[in-house]
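Asker: Structure in C-alpha cells, see below.
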Amino acid sequence: MSEATMQCPKCATRLDTHERHGVVIEECPGCQGVFLDRGELEQLIDAESRYLAELPDGVNPDTTYQGRHRRGIMEQIFAR
C-alpha cells in the first residue's frame, strides 16, 4: 500500500509517515495513533537497549540526573 493511500484504521485520517533511526513509523494526526510494521517495535526496543548500555559504568539510569533527563531513542523518535 502506498503512503498516499494509507489511512488510520480507527478514524480513517490519512497517516503521516516518518523515518526515525531506520524505522518507518506511521502516525495519525487525527487520533494520534502510532502504527509500526512487523519487527519495528523490536528494532526500537533494541535501539533503546543499546543506548542505555552505552551509559557510563556505575550510572543508574533511574536515579542519576543523566538518567532521569536522558533522551532515549523512544522519546527522540516520537518527539517533534
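The values are calculated or read from the model by the stated rules, or taken from the named source; none is laboratory data. Given the structure is predicted, the values throughout are model-derived calculations rather than measurements. For neighbour counting, all protein chains shown are included, and Cβ atoms are generated from backbone atoms with ideal geometry for every residue, glycine included. Side chains included, ligands, DNA and RNA excluded: accessible areas come from the protein's heavy atoms. Shrake-Rupley method; radii C 1.70, N 1.55, O 1.52, S 1.80 Å.
Asker: Here are G39, G30: which of them is surrounded by 12 or more Cβ atoms within 10 Å (Cβ to Cβ) and free of Cβ contacts under 8 Å to residues at least 60 places away in the same chain?
Answerer: Of G39, G30, the one residue that is surrounded by 12 or more Cβ atoms within 10 Å (Cβ to Cβ) and free of Cβ contacts under 8 Å to residues at least 60 places away in the same chain is G30.
Asker: Can you name every residue in region 1-18 that is open to solvent by 70 Å² or more (accessible area, probe 1.4 Å) and at pLDDT 85 or above?
Answerer: Those that are open to solvent by 70 Å² or more (accessible area, probe 1.4 Å) and at pLDDT 85 or above: Q7, P9, K10, R14.
Asker: Do we have D46 as open to solvent by 70 Å² or more (accessible area, probe 1.4 Å), closer than 25 Å to Q7 by Cβ and not aromatic (F, W, Y) here?
Answerer: no
Asker: Now, a different point. Let me spell it out: the conditions are (1) surrounded by 10 or more Cβ atoms within 10 Å (Cβ to Cβ); (2) at pLDDT 70 or above, and E54 meets all of them except one. Which number is the exception?
Answerer: All conditions pass for E54, except number (1).
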